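Read through the structure below, which is laid out as C-alpha cells, and then see the notes.
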Amino acid sequence: MEKLSANTNALNWFEIPVTDTARAKKFYENIFGIQMETNEMMGMEMTSFPFTMEPNGKVSGALVKGPMHKPSMDGAVIYLNANPTIQTVVDKIEAAGGKVIMPKTLINDDIGYMAFFVDTEGNRIGLHAGA
C-alpha cells in the first residue's frame, strides 16, 4: 500500500452521520442529482455515494446511521465536490430541506469557490468547485 504523499489522496473514505436514512438519502440525491444505494453493514445502515472498487479510484463515502454516528455542527468538516458549478448545488439545498449557512464564496482564482450548508440531519457540510 502506498504511503501518504503528494501523489496519494489524504482522504480515503468519509461518513456523514444521519438519524433518518431515507430523508438524508433523498436530500443528497436531490442536491447532487445522483442515485445512492443503502445496505446494512456491521450493524449500520450505509447509503453510499457513487464509487468504484478499482485501485486508485476516486474517494467516496456514505451516509451512516449507527450507534457511533451522531450528526453535528461541530468537529471535522468535509467538502463535497460541487463541480462544475457550485451555485447549481447551492440553489437546491433549501428546497430539499437543508439550510445554506455560507453562500458561494470565492476562495481565490486558483482554488475556486466554497459554500457551507446544514443538511437535513443537522450536519455542517462544505462544498467546493472551480466555478
message = Looking only at the range 43-66, count every residue that is modelled with pLDDT under 95 and more than 23 Å from Asn9 (Cβ to Cβ) and tell me the total.
response = 1
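Tell me, which strands (runs of 3 or more DSSP E) wholly within the range 1-111 include 2 or more residues that are surrounded by 13 or more Cβ atoms within 10 Å (Cβ to Cβ)? Please lay out each step first, then the result.
Numbers: elements: 13-17, 37-41, 44-48, 60-65, 79-81, 99-108.
Per the criteria, 13-17, 44-48, 60-65, 79-81, 99-108.
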inquiry  = Looking at Tyr79, Tyr113, Tyr28 in this structure, which one is aromatic (Phe, Trp, Tyr) and touching a residue at least 60 places away in the same chain (Cβ under 8 Å)?
reply    = Tyr28
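The values are calculated or read from the model by the stated rules, or taken from the named source; none is laboratory data. Everything numeric in this text was worked out from a predicted model, so none of it was measured. Positions of Cβ are backbone-derived with ideal geometry, glycine not excepted, and every protein chain shown enters the neighbour counts.
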